[in-house]
1. Would you please report the Å³ per residue occupied by the convex hull of the alpha carbon atoms in region 45-88?
2. Need the full-extension length gain, K367 to N428, defined as separation in residues times 0.36 nm minus the C-alpha distance. One decimal, nm.
3. Please give the direction-averaged projected area of the C-alpha convex hull for region 362-505, in square nanometres with one decimal.
4. Mind checking which lysines have their C-alpha under 24 Å from K174, skipping anything on the same chain fewer than 8 residues away?
5. Take the Cβ-Cβ distance between D97 and T330 as r, set R0 to 41 Å, and report the resulting FRET efficiency rounded to the nearest 0.05.
6. Taking the alpha-carbon distance from K454 and a cut-off under 24 Å, which lysines remain once sequence neighbours fewer than 8 residues away in the same chain are dropped?
7. At 222 nm, what value in deg cm²/dmol follows for the chain if DSSP H runs of at least 4 each add -39500 (n - 2.57) and the sum is divided by all its residues, to the nearest 500?
8. Cβ under 12 Å from M387's Cβ, M387 left aside: what net charge do those residues give with Lys, Arg +1 and Asp, Glu -1?
Amino acid sequence: MFFKLDSFSLIGIEAVKVGVEIYISRGMPSFIIVGLPDKSINEARDRVKASIINSGFTFPMRKIIINLSPADLKKEGSFYDLPIALAILVSSGQINDNYFNCSCFIGELSLDGLINPVRGILSMAQKAASIKKNYFFVPKGNENVAGLIKNIKIIGCHDLIECIKILESKEELKKYVYISKKFNGVHSRRYDIDFSEVKGQSRAKRAMEIASSGFHNLLIVGPPGSGKTLLAQRAITIMPDLNYDESIEVTKIYGLLKRPNCELIIERPFRNPHHTISEPGLIGGGIYPKPGEISLAHKGILFLDEFSEFPSKLLESLRQPIENKSIVITRNNTSYKFPCSFMLILAMNPCFCGYFGDKNDKCKCSKKEVERYWKKISGPILDRIDMQVNLPRLKEEEFFGNILTETSHAIKERVKKAFAIQNDRYKNDIIRHNSEAGASYINIWMNQNKDLGKIVTDLSKKTQLTARGISSLIKISRTIADLDNSDEITRDHLIEAFQYKILSI
Ligand SMILES: [Zn+2]
């Protein structure tokens with residue numbers, strides 16, 4: 001007898017429909033799974049057999065063939081235990097095939113029949129809704145995240161027996177549908193760090209505020225002990241919380257890790273990988289590609305401390321993702337795409353010893369050594385860093401003085417307003433921030449104030465600004481104008497933006 005039901009597989013961040021087909025025939029008792037399964041799927045045979053028997057049913061002593069279609073897509077994981085067990089029970093006549101046409105299933109079985117949560121559930125629920133299924137049977141523990149998706153009814157099952165009871169029930173299925181909690185966007189995370197703890201450094205703080213408002217990449221250069229790390233870690237405390245769509249996107253990425261119970265993520269991610277990280281760890285990769293740090297920082301901050309310590313090859317590999325806001329990894333003729341739209345913050349010393357430019361003349365490096373130091377990190381990657389700021393060591397009176405400094409909350413309120421202006425500006429576009437704006441927007445802004453063209457031409461003649469540098473200068477000016485609640489970019493906005501181009505001067 002032939003029977004088929006629907007389940008899902010993951011390709012990168014997206015789910016695809018997988019048909020679990022079964023054919024039971026006479027012949028030597030056997031249990032074969034075909035359709036490019038990996039080792040973990042082949043192990044499903046033992047789990048499924050034990051859980052069917054331990055749930056009080058009979059495992060048919062026939063020739064059983066399971067095909068996971070499409071057959072050319074390599075499949076991994078233990079997602080298909082539940083659909084395989086159900087397919088065996090229906091085709092051996094032990095349960096009815098009610099609701100199977102309008103439902104889809106996912107879940108890993110334990111030997112005693114318990115259904116364990118799986119990863120990637122949010123992507124699968126989205127797919128289930130898009131192929132117009134009515135019900136999606138998921139493991140208990142996955143239902144809260146799956147329930148966030150509209151247009152699909154989620155039913156969470158604790159074990160195989162409960163799942164079958166629901167499917168065989170004479171009552172309406174809606175009784176079992178998970179009622180999801182409402183998205184509460186106003187909840188914002190409290191951090192135990194705050195900008196008010198950083199004394200002085202008003203220029204760098206202003207740079208951080210501008211960078212966060214427009215999602216511009218930022219490089220902080222300063223001697224050891226100047227507070228580069230302290231400042232960068234606090235950037236996340238001034239960024240507005242994620243909106244609903246962004247939360248779903250970020251949760252989808254985190255849901256691919258081995259953390260199947262993860263709740264909806266509301267706060268922006270902050271990732272701070274060490275310079276010894278591998279390329280797959282940073283960019284993403286593996287036999288079955290998984291997201292790397294750049295994707296885990298999606299919609300948030302990627303902070304590379306001691307930037308100059310990162311191997312050049314690793315930095316080069318960042319170029320394309322910074323540009324494209326996504327990374328595509330190809331394995332077995334399949335392309336896995338992961339989004340990675342992050343704000344990059346880099347921190348580094350000004351030279352090998354760390355004290356170049358320090359007022360106490362502590363630097364021991366020769367001119368050649370300083371040049372060699374900068375050469376290592378310069379080039380295409382630095383050209384993609386919109387803003388650069390120097391962070392001098394504090395004078396003693398600044399460090400210990402009772403200077404009142406602004407709290408993260410106060411700065412965040414201004415960043416929120418700048419975000420709102422950009423949301424309105426790009427409401428009909430796919431971009432969200434000034435840093436992503438293309439030539440058409442830049443032309444519009446330049447035409448609003450005829451004087452800007454001349455200032456920009458003068459500046460670029462006197463400095464080493466590249467075409468990319470000029471366009472980023474105008475985008476930073478736009479963000480400063482947004483913080484100033486100004487429709488037009490003025491000369492002052494442009495001049496301030498230019499102060500964050502120290503490497504081009
Ligand atoms: Zn030095």
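Throughout, read-outs are computed from the coordinates displayed, never taken from laboratory work. Since this is a predicted model, take the numbers as computed values, not measurements. Virtual Cβ from ideal backbone geometry, glycine too; neighbours counted across all protein chains shown.
1. Details: hull volume 3.5 nm³, N = 44.
Expressed per residue, the convex hull around the Cα atoms of region 45-88 is 78 Å³.
2. Numbers: separation 61, 0.36 × 61 = 21.96 nm, distance 5.09 nm.
So the chain would gain 16.9 nm between K367 and N428.
3. Details: hull surface 46.8 nm².
Average of the hull's projected areas for region 362-505 equals 11.7 nm².
4. The qualifying lysines are K4, K17, K127, K132, K133, K140, K150, K153, K165, K182.
5. Details: r = 39 Å, r/R0 = 0.95.
Computed FRET efficiency for D97 and T330: 0.60.
6. In chain and number order, the partners are K462, K475, K501.
7. Details: 20 runs with 186 residues, N = 505.
Result for the chain: -10500 deg cm²/dmol, rounded to the nearest 500.
8. On the way: positive: R203, R206, R384, K475, K501; negative: E209, D386, E496.
Here the charged neighbours net out to +2.
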